[in-house]
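Structure first, then comments.
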Amino acid sequence: MELSCKCEYAVLALLSLVDHYPQGNPLRIRQIAAQQHIPDRYLEQLLAILRRSGLVCSQRGARGGYLLAREPWKITLLEIINCIEGRDAQPNALPQPGLTTEKAVVQELWQEADQAASQILKNCTLQDLCDRRDAKKQIDLMYYI
């Protein structure tokens, strides 16, 4: 399974919003784009998709911008990917007519791999990613004499 650029940008944008979640400060598109190196126009489209899905909300006005709509520990990576890619979490398991034994075996294996990946993404939240990021930053800051 490969993460599309679209999904990667969406996750990066949401990670920026997690950092400002405790204070309730909205972030502008320009701020997120600069911080995560995402083109403004593309980010605008992604945030619109995330808003329609209920993952972020927008606030108008001089101090407006985007905020997480829910707590970061309640938003899973699977939910984000399904929102951005527009696909259902469950793979299609309907038997296909004229399927050879070899093709059936390969299809079963891909379904198992997809289910395993989905389970990992379902168990990982935005908060988990932030915790991993923060732990990695701490390790990267350490130096030895």
Among all the aspartates and glutamates, which ones have a C-alpha under 19 Å from Lys103's C-alpha, if same-chain residues fewer than 8 places away are not counted? Glu112, Asp114
What residues have an amide H closer than 5 Å to that of Asn25, excluding those fewer than 5 places away on the same chain, when H is modeled at 1.01 Å from N in the peptide plane? none
extent check for the range 19-69: Cα max minus min per principal axis, descending, whole Å, gives 25, 22, 21
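Quick one: accessible area per residue over the chain, 1.4 Å probe, rounded to a whole number of Å²? Could the numbers behind the result be given before it?
Working: 10010 Å² over 145 residues.
About 69 Å² of surface per residue is accessible.
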Can you give the FRET efficiency for Ala69 and His37, using 1/(1 + (r/R0)^6), R0 = 30 Å, r = Cβ-Cβ distance, to the nearest 0.05? 0.80
For peptides 62-75, 97-110, sequence by mean Cβ density within 10 Å, most packed first: 62-75, 97-110
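When Lys and Arg each count +1 and Asp and Glu each count -1, what net charge do the other residues less than 9 Å away from Gln127, Cβ to Cβ, add up to?
Working: positive: Lys74; negative: Glu71, Asp128, Asp131.
Net local charge, Gln127 excluded: -2.
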Leu55 long-range amide H proximity, modeled H, under 5 Å: none
For the Cα atoms of the chain, what angle does the longest principal axis make with the long axis of helix 40-52, in degrees from 0 to 90, nearest 10? 70 degrees
Mind checking the log10 I(q)/I(0) for the chain at q = 0.13, 0.16 Å⁻¹? Debye, one equal scatterer per Cα, no solvent, two decimals. -0.67, -0.89
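Could you grab the relative contact order for the chain? Cα pairs under 8 Å, six or more apart, rounded to a whole percent.
Working: 142 pairs, mean separation 37.8, N = 145.
Worked out over the chain, it gives 26 percent.
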Once phi for every residue in the range 29-37 is put through the Karplus expression 6.51 cos²θ - 1.76 cosθ + 1.60 (θ = phi - 60°), the whole-Hz ³J(HN,Hα) values, with Gly and Pro written as x, are 4, 4, 5, 5, 4, 5, 5, 9, 6
Cα-based Rg then Dmax for the range 94-136, in Å, read 16.9, 51
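Ordered by packing density, taken as the mean number of other Cβ atoms within 10 Å over each peptide's residues, highest first, how do 40-49, 131-140 rank?
Numbers: 40-49: 15.1, 131-140: 10.0.
Averaged packing, sorted descending, gives the order 40-49, 131-140.
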Gain on full stretching of the segment that runs from Cys57 to Asp19 - 0.36 nm per residue minus C-alpha separation: 12.1 nm
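The values are calculated or read from the model by the stated rules, or taken from the named source; none is laboratory data. Everything quoted here is computed from the prediction, not taken from an experiment. We place every Cβ from the backbone using ideal geometry, glycine too, and count neighbours over all the protein chains shown. Side chains are part of the model used for accessible areas, which takes the heavy atoms of the whole protein and leaves out ligands, DNA and RNA. Shrake-Rupley method; radii C 1.70, N 1.55, O 1.52, S 1.80 Å.
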